[in-house]
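A.B. asks: If you scroll down you'll find the structure; I have some questions about it.
The values are calculated or read from the model by the stated rules, or taken from the named source; none is laboratory data. Values in this document were obtained by computation on a predicted structure and should not be read as measured data. Cβ placement follows ideal geometry from the backbone for every residue including glycine, while neighbour counts extend to all protein chains displayed.
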Amino acid sequence: MRKNGWQVRFHMIFDSRSRKDDRSARIGMALFRLSQAIKKMTQAESDAFGLSPVQIQTLLFAFHTRGDAATVGNLAHALGTTHVTAVKTANGLVRKGLIVKMQKAGDRRVTLLGLTAAGTQTASSIEQWGRTLEETLRPIADDTLAQFESGLGTVVAAMHRSGYLFAAEPCSGCVHFRPNAGDAAAPHYCELVRTYLTHEASLKECPEHTPSPKT
Ligand code: SF4
């Protein structure tokens, strides 16, 4: 492959001899190993709750995502699965009495996911999910973590641009966010959806969050 007139050589990340001469291949392998380790950690934590990792992610998605953005389509993005798999996962939680499905007002083709009272209780109790990973990182020196965070942010942005990673965030720092532009009941404004938002809604995760260049 040629890039800017230069020949770009690809190394195979699973070949240790090849990795030796290529930083991208070495980091690719490290990230792959990390993903395997994180999978193992979250599986062990999920077993303790009697739920699968995707079921837990679905409950946390419904818990943290702004109500009108908690669609099955956005769940599929968040899980990194197909729409059909997201529907099956949601249906499994509907059968357990933890999730409710509703048609979106104004667009009956869109299905929104909400939590039942039991679902809210379960989601609150699994807020600690992912703690093993956090505890593993905690003893690492802060300046090392700061460097890692900065580099990792670049990797996340690259994966986001290539469509492999989906990251929902609250309104703060979004290019479309206009804080304190409304009244006391709905103090903030979103220029993308052209809607005034309550303060609580602005703190929920939004799949359309577009980082402001200033942040
Ligand atoms: S697009 Fe940005 S400002 Fe609008 S609701 Fe989403 S995060 Fe908030």
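A.B. asks: Mind listing whichever residues of the stretch 191-215 are modelled with pLDDT of 90 or more and more than 9 Å from the ligand (Cβ to nearest atom)?
C.D. replies: ARG194, TYR196, THR198, HIS199, GLU200, LEU203
A.B. asks: Select from the stretch 162-190 the residues that are more than 7 Å from the ligand (Cβ to nearest atom) and among the charged types (D, E, K, R) and write down the one among them that is farthest from VAL72 (Cα to Cα).
C.D. replies: ASP183
A.B. asks: Go over the candidates LEU113, LEU145, LEU93 one by one and state the one that is aliphatic (A, V, I, L, M), assigned to a strand (DSSP E or B) and modelled with pLDDT of 95 or more.
C.D. replies: Exactly one of LEU113, LEU145, LEU93 is aliphatic (A, V, I, L, M), assigned to a strand (DSSP E or B) and modelled with pLDDT of 95 or more, namely LEU113.
A.B. asks: With the requirement that a residue be closer than 20 Å to LEU51 by Cβ and surrounded by fewer than 16 Cβ atoms within 10 Å (Cβ to Cβ), what does the stretch 97-108 give you?
C.D. replies: Within the stretch 97-108, GLY97, VAL100, LYS101 qualify.
A.B. asks: Here is a further query. Return yes when ARG131 is at pLDDT 95 or above and basic (Lys, Arg) and no when it is not. Walk me through it before giving the result.
C.D. replies: Numbers: at pLDDT 95 or above: no; basic (Lys, Arg): yes.
So ARG131 does not fit the description; no.
A.B. asks: A follow-up question, please. Every residue in the stretch 25-70 that is within 22 Å of MET159 (Cβ to Cβ), polar (S, T, N, Q) and assigned by TED's automatic domain parsing to the domain that holds MET102, please.
C.D. replies: GLN57, THR58, THR65
A.B. asks: Against the conditions (1) within 16 Å of the ligand (Cβ to nearest atom); (2) more than 16 Å from the chain's Cα centre (by Cα), where does GLY114 fall short? Just the number, please.
C.D. replies: Of (1) within 16 Å of the ligand (Cβ to nearest atom); (2) more than 16 Å from the chain's Cα centre (by Cα), only one is false for GLY114: (1).
A.B. asks: Sticking with this one: For the stretch 117-140, which positions are under 18 Å from the mean Cα position of the chain (by Cα) and farther than 14 Å from ILE56 by Cβ?
C.D. replies: GLU134
A.B. asks: Restricting the search to the stretch 152-175, which residues are out of contact with any helix residue (DSSP H, G or I) (no Cβ under 8 Å at 6 or more places or on another chain) and under 22 Å from PHE61 (Cα atoms)? It would help to see each step written out before you state the result.
C.D. replies: Narrowing the stretch 152-175 to residues out of contact with any helix residue (DSSP H, G or I) (no Cβ under 8 Å at 6 or more places or on another chain): 152-154, 156-164, 169, 173-175.
If the condition is that a residue be out of contact with any helix residue (DSSP H, G or I) (no Cβ under 8 Å at 6 or more places or on another chain) and under 22 Å from PHE61 (Cα atoms), then GLY153, VAL156, ALA157, MET159, HIS160, ARG161, GLY163, TYR164, GLU169, GLY173, CYS174 are the ones that fit.
A.B. asks: Quick one: what pairs do we get from the stretch 1-28, first residue in a loop (DSSP other than H, G, I, E, B) and charged (D, E, K, R), second surrounded by 12 or more Cβ atoms within 10 Å (Cβ to Cβ) and at pLDDT 80 or above, C-beta under 9 Å, 6+ apart or different chains?
C.D. replies: ARG9/ASP22; ASP15/ALA25; ASP22/ILE13; ASP22/GLY28
A.B. asks: Give the residue, chosen from THR71, THR82, that is surrounded by 15 or more Cβ atoms within 10 Å (Cβ to Cβ) and closer than 17 Å to PHE166 by Cα.
C.D. replies: Of the residues listed, the single one that is surrounded by 15 or more Cβ atoms within 10 Å (Cβ to Cβ) and closer than 17 Å to PHE166 by Cα is THR71.
A.B. asks: Within the stretch 35-69, which residues are touching a residue at least 40 places away in the same chain (Cβ under 8 Å) and in contact with an Asp or Glu (Cβ under 9 Å, 6 or more places away or on another chain)?
C.D. replies: ILE56, LEU60, PHE61, PHE63, HIS64, THR65, ARG66, ALA69
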